[in-house]
1. Where residues in segment 240-266 are open to solvent by 10 Å² or more (accessible area, probe 1.4 Å) and touching a Phe, Trp or Tyr at 6+ places or on another chain (Cβ under 9 Å), which of them is nearest to Ser297 (Cα to Cα)?
2. Of everything in segment 137-157 that's in a helix (DSSP H, G or I) and not hydrophobic (A, V, I, L, M, F, W, C), which residue is most open to solvent (accessible area, probe 1.4 Å)?
3. Of the residues Ala293, Ala276, Ala311, Ala341, only one is more than 30 Å from Asn365 (Cβ to Cβ) and among the aliphatic types (A, V, I, L, M); which?
4. Name the residues in segment 237-253 that are of a type in the set (A, V, I, L, M) and under 19 Å from Lys33 (Cβ atoms), would you?
5. Which of the residues spanning segment 180-212 are open to solvent by less than 30 Å² (accessible area, probe 1.4 Å), at pLDDT 75 or above and under 11 Å from the mean Cα position of the chain (by Cα)?
6. For Asn356, state whether it is open to solvent by 30 Å² or more (accessible area, probe 1.4 Å), within 29 Å of Phe286 (Cα to Cα) and in a strand (DSSP E or B).
7. Only one residue in Ile134, Ile111, Ile115, Ile97 is in a strand (DSSP E or B) and either at negative phi or modelled with pLDDT of 90 or more (or both). Which one?
8. Among the residues of segment 318-353, write down those that are hydroxyl-bearing (Ser, Thr, Tyr) and assigned to a loop (DSSP other than H, G, I, E, B).
Amino acid sequence: MDREGQEFLDSLDKKLWNSADKLRSNLDASQYKHAVLGLIFLKYVSDAFAERRKELEASFRDPAHDYYIGDDEKLIAEELEIRDYYTEKNVFWVPEIARWKTLQNNAKLPIGTEITIKNGETKTVKMRSVGWLIDTALDHVEKENPKLKGVLNKTYIQLQIEPAKLGELIDLIATIPFHHESLKAKDILGHVYEYFLGQFALAEGKKGGQYFTPKAIVTLIVEMLQPYKGRVYDPAMGSGGFFVQSERFIEEHGGKLGNISVYGQESNPTTWRLAAMNMAIRGIDFNFGGEPANTFSNDKHPDLRADFVMANPPFNMKEWNSGVKDDDPRWQYGIPPAGNANFAWMQHMLYHLAPNGSMALLLANGSMSSNTNNEGEIRKKLLEEDRVECMVALPGQLFTNTQIPACIWFLTKNKKARPPRPQGFIPGAVEGRGEGGLKDRSGEVLFIDARNLGFMKDRVLRDFTKEDIEKIAGTFQKWRTGEGYEDVPAFCKSEKLEAIKHHDYVLTPGRYVGAAEEEEDGSPFAEKMARLTAQLKTQFEQSDKLEEEIKKNLAGLGYEV
């Protein structure tokens, strides 16, 4: 994206959020987000429908087009209402009652006004409320599009937002501009949707962060795994951030979105719907199991073996194992403790990983060193069976919902060398990744200490720069391919299993990367320490002299010291 496009989006973000927040009134962010995001979704499907309708009308009037039918206005109007013209282009069919112009006009009508609903049949109903109008629109869109079954959150009546406020919100979302020289309409609205998700996560604090992973971390994981082709799976998907970033990665590297299949699972019904709407906005085909469900007790993808698995599950989740047996086939490396789901998530993901697949998992730092309740034994077995590929220690204050220090585990079932096959590469991707080109990393683990990277973007949150992400991801790719990798003191270290065993299978990067050889001013540590010690001695001597002078002066004034 060019600078002008980014500035346009940044300006749009602030304008829309500030305006929407003023309309929030007494509603909690957890409730209000569904009102806003549901309307954003409805605006998108309606606009996509209107854009396709405009294309069709032009083709109906164009003698050179296969769809040409002349200037018969009645016939054109009839043809424009044929569903197949829209679905053939993966555009959702939007009944007249749900089209944005209809919604916006009807929202201004007095309660009790008769309105006409056309959808197969024509009927007249009385306008009950703006909330009812939106719920009706969403209900008709869902019924007309099987992919959206059970996805849309039709609860505007229950939200009890003042009719005037809801009408203002509709008018505000109507102002989202969908024309920019360097951006597609889908990209603009998708960006707005993602921005609002992030802002609501901040507004909700701990609760909101459960469904939202910071963009910097999502981008880092996707850049490291490079999900270019195959099945992508997230068993704790939240709002679907990893899938969105995977789409961006593919587009930025000249690949085709159709090269990946998206699979996800989420237990929270409202969050499950947010993720489904997030995919629909971007035209990503998805399989989320048909309904929200608990990943551990009701695995919706039991036979899935994914090429890329990415997740940011709740940290240190307790009481996760209700309905899960100790002899579950997923527990190949040991039974996870009931009081902490960290290694349950990890083993669930490994179970669903294809033989040559790669996975990344965000966990609390305790997962790297804990020896309580079988966790140490599970970690030991994972290492001895050579499943751990890379450990990344993250800086603090990256998350909106927790201050718990976090790390990223990268695991794989196959560290053997893979010869490169250039025909599988994505143009612009890191050389050697594609469908092969990896060196033999058997018995080795890469440790990256990224705790000193990033910058404070405000008083409470840290973020990564593009250069930070490139540094970490580039180091990982160089290590995997064997092209240009070198250990860097205080940042990265490739270590053998024997050394890890010597550290009792603890995986904290700080134990392995060591300290920087030189301090920031370029002086060796020993030399700088001697200089600072001498300076401190001199300062102590000066302090003693100053104290004596003060005593003399006080005595001269008649004070006893």
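The values are calculated or read from the model by the stated rules, or taken from the named source; none is laboratory data. As the structure is a prediction and not an experimental result, all values here were calculated from the model. Glycine also receives a Cβ, built like all others from the backbone with ideal geometry; neighbour counts cover every protein chain displayed. Each accessible area value is taken on the protein alone, full model and side chains, heavy atoms only, with ligands, DNA and RNA left out. Shrake-Rupley method; radii C 1.70, N 1.55, O 1.52, S 1.80 Å.
1. Checking each candidate, the answer is Glu266.
2. Here the residue is Lys143.
3. Values: Ala293 fails: more than 30 Å from Asn365 (Cβ to Cβ); Ala311 fails: more than 30 Å from Asn365 (Cβ to Cβ); Ala341 fails: more than 30 Å from Asn365 (Cβ to Cβ).
Within the list Ala293, Ala276, Ala311, Ala341, the selection yields Ala276.
4. Answer for segment 237-253, where residues must be of a type in the set (A, V, I, L, M) and under 19 Å from Lys33 (Cβ atoms): Met237, Val244.
5. Passing the criteria: Leu197, Gly198.
6. Spelling it out, Asn356 is indeed open to solvent by 30 Å² or more (accessible area, probe 1.4 Å), within 29 Å of Phe286 (Cα to Cα) and in a strand (DSSP E or B).
7. Values: Ile134 fails: in a strand (DSSP E or B); Ile111 fails: in a strand (DSSP E or B); Ile97 fails: in a strand (DSSP E or B).
Result: Ile115 is the single residue among Ile134, Ile111, Ile115, Ile97 that is in a strand (DSSP E or B) and either at negative phi or modelled with pLDDT of 90 or more (or both).
8. Answer for segment 318-353, where residues must be hydroxyl-bearing (Ser, Thr, Tyr) and assigned to a loop (DSSP other than H, G, I, E, B): Ser322, Tyr333.
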